[in-house]
Amino acid sequence: MTPILEVQGVTKDFGGLRANNDISFSVQKGELLGLIGPNGAGKSTLFNCVAGVYNVTAGHIFFDGREITNKKPYEIARLGLARTFQIFVASGDLSVLENIMVGSFLRTHSRSVAKQRAEEIIDIMELGDHVDHWVSELPVAAQKRVAMATALATQPKMLLLDEVAAGLNPTEIDGMMALIRQIHYDMGINVMLIEHVMELVMNISHRVIVLDSGNLIAEGKPEEIKQNPEVIKAYLGERFVAQQRREGA
Amino acid sequence: METLRNIFDFSDFPRKDVAVFGLFCVFLFIFPLIPHSSFSMATMIQFLMFALYGMGWNTIGGYGGQVDLGKAQFAGIGAYTTAVMLIRWNVPFWVSAPIGMGFAIIWSFVIGYPLFRMRGHYFAIATIATSLVLLDVFQVWDFVGGAQGLEIPLKKMPSFLYLQFRNDAYYYYILLFLFFIGFFYINWFRKSRLGFQLRAIKDNEEVARSLGINAHWCKIKAYAIATSFVAVVGSFHACYNFNIEPEDIMSLDLSILIAMMAMVGGAGSLWGPIIGAAVLVPLKSYLGSWLGGKAGLAGLDLVIYALIIMVIAAFEPRGIWGIVEKARRKRT
Ligand SMILES: Nc1ncnc2c1ncn2[C@@H]1O[C@H](COP(=O)(O)OP(=O)(O)OP(=O)(O)O)[C@@H](O)[C@H]1O
Ligand SMILES: [Mg+2]
């Protein structure tokens, strides 16, 4: 098996703060990888290093057989690595359809082709009711789907999702889970996701890696991760306690 | 074929808008035929010039969201190219205008590359600075007449080639022709790949970059497009006025008026620059002629412009067109 994404010894410092410390992992083609860890662990930073938003302090990153270390975000997007942002802000000048067309314009110069591809994705993402709305007018769940749809419209080989289930209710989480499965299996786009919503990430990931204070502390199948004492101590413990408290209340 | 269709595609606007614009176009066509004063003709010519300036500004400033306050330098490059080539080598307007446009585009690349490394207010201030520097250069450059500027010699006969007419209606129709080229170009541009990419950059530059958009290069391209519009109007200005002075064609006033008209009308919309010029040019003309006779009130027009900018910025950053759209959304 060949990895689609390979991260080798990536370190990222912000001044004196080490947000990622010597992180190595790889994602195989067809593998759905989850990335979890407590707040401030460095998960988004790692995505930003992979996607070229930040230059790494040390280490190498390979995507689809090519080195992409410290390439610019738009170069990496053109190679077929798409991503969503944890905080999605759209000032609202573009409608949902137009937003998604921006993505599809990456692969074509023709307005009609861009529109047609955007409409296909709108169908898949079930955004048909919202095409003419401004993104800022939509409920959170729909906004997250627009962000995903826009990234998908660039026709990527791999998609990085940063907390797309945050702020969703249980029904919406189920919908999101089905959607991610559809993207990964039916559309054949490798998904890697950062997620705090355990029922989602533990359900759909083939493998999970865990960050804590910038270090990769564990990696394995979801069942193994759930039982890993170090992970429970650093992260799952507080999560489970919080969840039990919620369920008890 | 698709391009041709897209140029004339207004399907995203309500029918009513297109009808109103159509009526307005009819008015523009017949205006010289109905009785008018020379003052109102001069005002209409100013309106068309500023509508074109504003349409150009709107590509980078409106759709791209990069507030450019240095457009006068490109009007100057166009005007000077046309004037110098005519005076020294007897080159017709229709040849010198594209050459002036070429010079202006080259200059826009030269300064655009570093300018677009800056964002927000820094960018706006830097555009002012570059324009003022070029103004200084032209004021001491003897080849182009220094601070005195240039006087264009009159031909014996009216000439279409040199844009010299006895009757302002000819200037008017040539400008109207340029206006429609510009208008339909922008109608295509706003829904082109570059148009979409610019709007995405304005929305959120980081997201745009993650979608494969080279934001820096897109802005430079849009800046060159904006520049082309402004340079051609500058060339026209030289022929229409028979004389150019650096303090006039390359002034900060002109740069600010261009940006202001587009913003007042509605930055980032097709109609915005036209509305802005239609409202502010007559105001500017009448204020100018009214204040001209009152020595103590000089500068009051600037105060009024400043007030308008503050009101727009405070209540509706998307200008008059933004107010119209808001009212519509409320009704539905
Ligand atoms: N641009 C930046 N400049 C300086 N420090 C940063 C920057 N981005 C992140 N950090 C710091 O790096 C650390 C890791 O942040 P990061 O956003 O990667 O965490 P995270 O794992 O995504 O957390 P969360 O689950 O809350 O999203 C934090 O301490 C954060 O304050
Ligand atoms: Mg994060």
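The values are calculated or read from the model by the stated rules, or taken from the named source; none is laboratory data. The structure displayed is predicted, hence computed values, not measured ones. Here the Cβ is made from the backbone with ideal geometry for all residues, glycine too, and neighbour counts use every protein chain on show. Surface areas here come from the heavy atoms of the whole protein model, side chains and all, with no ligands, DNA or RNA. Shrake-Rupley method; radii C 1.70, N 1.55, O 1.52, S 1.80 Å.
Amide H contacts under 5 Å for A:ASN20: A:LYS12, restricted to partners 5 or more places along the chain or on a different chain, H placed in the peptide plane at 1.01 Å from N.
What is the distance, in nm, between label points placed 7 Å from the Cα along the Cα-to-Cβ direction at B:HIS36 and at A:LYS29? It is 6.8 nm.
Can you tell me the length gained on complete extension of the stretch A:GLU137 to A:GLN8, counting 0.36 nm per residue apart and subtracting the Cα distance?
Details: separation 129, 0.36 × 129 = 46.44 nm, distance 4.11 nm.
Result: 42.3 nm gained on full extension.
Can you pull the percent of Cα pairs in chain A with separation above 30 Å? Cα-Cα pairs of chain A separated by over 30 Å account for 26 percent.
Largest first, the residues A:SER136, B:SER96 sort by 1.4 Å accessible area into A:SER136, B:SER96.
Take chain B, mark every one of the chymotrypsin sites (Phe, Trp or Tyr not before Pro) that falls in a DSSP loop and has at most 16 other Cβ within 10 Å, then report the longest stretch left between them, sites excluded. Numbers along the way, then the final one.
Numbers: sites that count: B:PHE8, B:PHE10, B:TRP141, B:PHE160, B:PHE242.
For chymotrypsin sites (Phe, Trp or Tyr not before Pro) (loop position, at most 16 other Cβ atoms within 10 Å), the longest site-free span of chain B is B:11-140.
Report the A-B buried area as the accessible area lost on both sides summed, probe 1.4 Å, in Å² to the nearest 100. Numbers along the way, then the final one.
On the way: alone 11980 and 16210 Å², together 25510 Å².
Summed over both sides, the interface buries about 2700 Å².
Expressed to the nearest 5 percent, the antiparallel share of DSSP beta bridges inside chain A is 60 percent. Partners of A:LYS233 within straight-line reach, counting lysines whose Cα lies under 30 Å from its Cα and excluding those fewer than 8 residues away in the same chain: A:LYS12, A:LYS43, A:LYS221. Per-residue surface analysis assigns A:ARG78 an accessible area of about 110 Å², computed on protein heavy atoms at 1.4 Å probe radius.
Of A:GLU172, A:GLU195, the residue with the largest accessible area leads and the full order is A:GLU172, A:GLU195 (1.4 Å probe).
Could you tell me what percent of the accessible area of segment B:90-179 is made up of carbon and sulfur, with a 1.4 Å probe and every protein chain present?
On the way: 3690 of 5130 Å².
That fraction is 72 percent.
Per residue, the convex hull spanned by the Cα atoms of segment B:219-332 measures out at 138 cubic angstrom.
Between B:GLY268 and B:GLY62, B:TYR63, the built amide H atoms are under 5 Å apart, and every one of these is 5 or more places off in sequence or on another chain. Probing with 1.4 Å while keeping every protein chain in the model, the per residue accessible area of segment B:2-252 equals 42 Å². Among beta bridges identified by DSSP and lying wholly in the protein assembly as shown, the antiparallel ones come to about 60 percent.
Calculated accessible area for segment A:40-128 comes out at 39 Å² per residue, all protein chains present (probe 1.4 Å; ligands, DNA, RNA ignored).
Inside 10 Å of the C-beta atoms of B:192-202, what's the mean count of C-beta atoms belonging to other chains? Intermediate values should be presented prior to the final figure.
On the way: counts 4, 10, 2, 2, 10, 3, 1, 5, 10, 1, 3.
For this peptide, the per-residue mean of nearby foreign Cβ atoms is 5.
A simple rule links phi to the HN-Hα coupling: the Karplus curve 6.51 cos²θ - 1.76 cosθ + 1.60 with θ = phi - 60°, which for segment B:124-130 gives 4, 5, 5, 5, 4, 4, 4 Hz, with x for Gly and Pro. For segment B:241-332, trypsin sites (Lys or Arg not before Pro) meeting the loop criterion (DSSP other than H, G, I, E, B) and having at most 11 other Cβ atoms within 10 Å: B:LYS294. Cross-link partners for A:LYS115 among the lysines, with Cα-Cα distance under 17 Å and sequence neighbours closer than 8 places in the same chain left out: B:LYS191.
Proximity of backbone amide H atoms, modeled 1.01 Å from N, is registered between A:VAL191 and A:LEU33, A:LEU159 at under 5 Å, excluding neighbours fewer than 5 places apart on the same chain.
Please report, in debye to the nearest 20, how large the charge dipole of the protein assembly as shown is about its Cα centre when each Lys and Arg carries +1 at its beta carbon and each Asp and Glu carries -1 there. Numbers along the way, then the final one.
On the way: 50 positive and 49 negative charges, 193 e Å.
The dipole of the protein assembly as shown has a size of about 920 debye.
Note on B:ILE111: accessible area approximately 10 square angstrom, rounded to 10, probe 1.4 Å, nucleic acids and ligands left out.
The alpha carbon convex hull volume per residue for chain B rounds to 161 Å³.
Report, in debye and to the nearest 20, how large the dipole of chain B comes out about its Cα centre when Lys and Arg carry +1 and Asp and Glu carry -1 on their Cβ. It would help to have the intermediate numbers written out before the result.
On the way: 26 positive and 19 negative charges, 207 e Å.
Dipole size: approximately 1000 debye.
Against chain A, whose longest principal axis is taken from its Cα atoms, helix A:170-181 shows a tilt of about 80°.
Panel values: the protein assembly as shown, Kirkwood radius from alpha carbon pairs, Stokes-Einstein at 4 °C and 1.567 mPa s, translational diffusion coefficient 49 µm²/s.
Of A:VAL231, A:VAL140, which has the most accessible area and how do the rest follow, probe 1.4 Å? Don't skip to the end; give the middle numbers.
Working: A:VAL231 0, A:VAL140 80 Å².
Result of the area sort, largest leading: A:VAL140, A:VAL231.
Remark: segment B:169-182, residue by residue, has Karplus-estimated 3J(HN,Hα) of 4, 5, 4, 4, 5, 5, 5, 4, 4, 4, 4, 6, 4, x Hz, where x stands for each Gly or Pro and the curve is 6.51 cos²θ - 1.76 cosθ + 1.60 at θ = phi - 60°. For B:ARG166 and B:TRP290, a Förster radius of 30 Å and the Cβ-Cβ distance give a FRET efficiency of 0.60, rounded to the nearest 0.05.
When the distances between all Cα atoms of segment B:15-93 are binned every 5 Å from zero, what whole-number percent does each bin get? Bin by bin from 0 Å, the calculated values are 3, 11, 12, 16, 16, 17, 15, 7, 2, 1, 0. Using the Karplus relation 6.51 cos²θ - 1.76 cosθ + 1.60 with θ = phi - 60°, the per-residue 3J(HN,Hα) values for segment B:78-90 come to x, 4, 5, 4, 4, 5, 5, 5, 6, 5, 8, 10, 6 Hz, with x marking Gly and Pro.
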